[in-house]
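For reference, the structure discussed in these notes is given below.
Each value in this text was obtained by applying a stated rule to the coordinates, not by laboratory testing. Small disclaimer: the values here were computed from a predicted structure and weren't measured. Cβ placement follows ideal geometry from the backbone for every residue including glycine, while neighbour counts extend to all protein chains displayed.
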Amino acid sequence: MKIAIIGSGMMGSALAFPARENGNDVRLVGTPLDRDIIDECRRSNRHPKFAKHFPDGIPPFPEGCKFYQIEEMEEAIRDVDFVIGGVSSFGVDWFADEVLPRLPPSLPVLSVTKGLMDTPDGKLLTYPALWKARLAEKGIRRDICAIGGPCTSYELVAHDQTEVAFCGEDIGVLRMLKKAMATDYYHISLSTDVVGIESAVALKNGYALGIALTIGLNQKAFGLDSPLHFNSQAAVFGQAVKEMKRLLDLQGAGTLDNLCVGAGDLYVTVYGGRTRLVGILLGRGMNIDEAREELKGVTLESLVVAVRVARAVKVLCAAGKLNPADFPLLLHTDEILTDKKPVSIPWEKFTFEKA
């Protein structure tokens, strides 16, 4: 098949590996912010941002991948069978305004972008739903598929065994996407529950931050070189899954499959994602401004998700539709991010009594 990936961030670019290794014609298109990346890909056939993950040398893209600057997008999408949207959550508006309206409405789109948008009345919208609504305002109707599940970009490049879920409204389209992308290391489940999969993998971002706080707290108490303490991480992980289930129920999507996809993504984000870095710094005692400064240049989508979800929960709690006692971890994480309160894990609020 012919596949265009628009957005040459790490995850979008990583998907070029299984796509091209399956024999597809793969075209990687940079955003206006990706010019240097595309230039380097053309020069060396390697993505420069993978350097820190491969100290012995960045793996080259599979032979035959093609690279395009944003001005060349029309050429890149000509006659393609589907498009993969590879922007981060900070590119949601750009993708809605500058890319989706230029694609034929019948052309399948598969998004890697994870996140939720809150509304003033406390609803949480997935990005596919947001994009569909924005396009409908322009008189354009399209369905947007998405990828969810535990997958870090550099481990996908390294061919570590990976299990994800493709979600969308048309199971036939999803089967076509799976046929194009599945390999002996990239395994794909399919689901028509877009709200469930997308909500689960977005929610894990804010909760991974809460778990990572415990790593920083232990480093503060016992020293930066002290052994990892797993009891505290496991305790917060359990609370995170509990709160995620409640929020999935709120979304009408609290199935075991959705929860497991989100919990798996939660695990890999705690141990292999950028969210871990900021959580550790906060746990050590930095406030959010200091942590941002320390990690300047690192995309921190988890902070946006945590604040948006907490804001929606607080609206619903004020309306009597939710109980704040059911979300102590989320609300404390929000206090740290929005009010710059010091980290103080509310352990006793995690306990329960069942007679």
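Each of residue 53 and residue 107 was given a label point 7 Å from its Cα along the Cα-to-Cβ line. The distance between the two points is 2.7 nm. Taking other C-beta atoms within 10 angstrom as a stand-in for reagent exposure, 6, 70, 144 fall in the order 70, 144, 6, fewest first.
Going from the residue with the fewest nearby Cβ atoms within 10 Å to the one with the most, 78, 274 rank 78, 274. Estimated at 0.36 nm per residue, the fully extended path between residue 222 and residue 178 surpasses their Cα-Cα distance by 11.1 nm.
Once you sort the root eigenvalues of the Cα gyration tensor of segment 38-154 as a ≥ b ≥ c, which label holds: rounded (a/c under 1.5), prolate (a/b larger than b/c) or oblate (the other case)? Oblate is the answer for segment 38-154, as a/c is 1.5 or above yet b/c matches or exceeds a/b. Rounded to the nearest Hz, the phi-derived 3J(HN,Hα) couplings of segment 246-261 under the Karplus curve 6.51 cos²θ - 1.76 cosθ + 1.60 (θ = phi - 60°) are 5, 6, 5, 4, 4, 7, x, 9, x, 7, 4, 4, 5, 4, 5, 4, where x marks glycine and proline. The eigenvalues of the Cα gyration tensor, multiplied by 5 and square-rooted, give segment 180-235 an equivalent ellipsoid with semi-axes of 34, 16, 8 Å from largest to smallest.
Using the rule -39500 (n - 2.57) for each DSSP H run of four or more residues, divided by the residues of the chain, the 222 nm mean residue ellipticity is -14500 deg cm²/dmol. Please work out whether segment 313-355 counts as rounded, prolate or oblate from its C-alpha gyration tensor, where a ≥ b ≥ c are the square roots of the eigenvalues and a/c under 1.5 means rounded, while otherwise a/b larger than b/c means prolate and anything else oblate? Cα axes put segment 313-355 in the oblate bin. The gain in end-to-end length when the residue 235 to residue 81 segment is fully stretched comes to 50.9 nm, 0.36 nm per residue minus the alpha carbon separation. Segment 238-298 and segment 332-355 have Cα centres spaced 14 Å apart.
A straight line joining the Cα centroids of segment 153-211 and segment 1-24 runs 14 Å. Per-peptide packing, taken as the mean over residues of other Cβ atoms within 10 Å, places 287-298, 94-105 in the sequence 94-105, 287-298 from highest down. Which residues in segment 277-315 have a backbone N closer than 15 Å to a point placed 7 Å from the Cα of residue 160 along the Cα-to-Cβ line? Only 277 pass the distance filter. Counting 0.36 nm for each residue step from residue 169 to residue 94 and taking away their Cα separation leaves a gain of 24.6 nm.
If you bin all the Cα-Cα distances of the chain at 20 Å, starting from zero, the percentages per bin are 30, 57, 12, 0.
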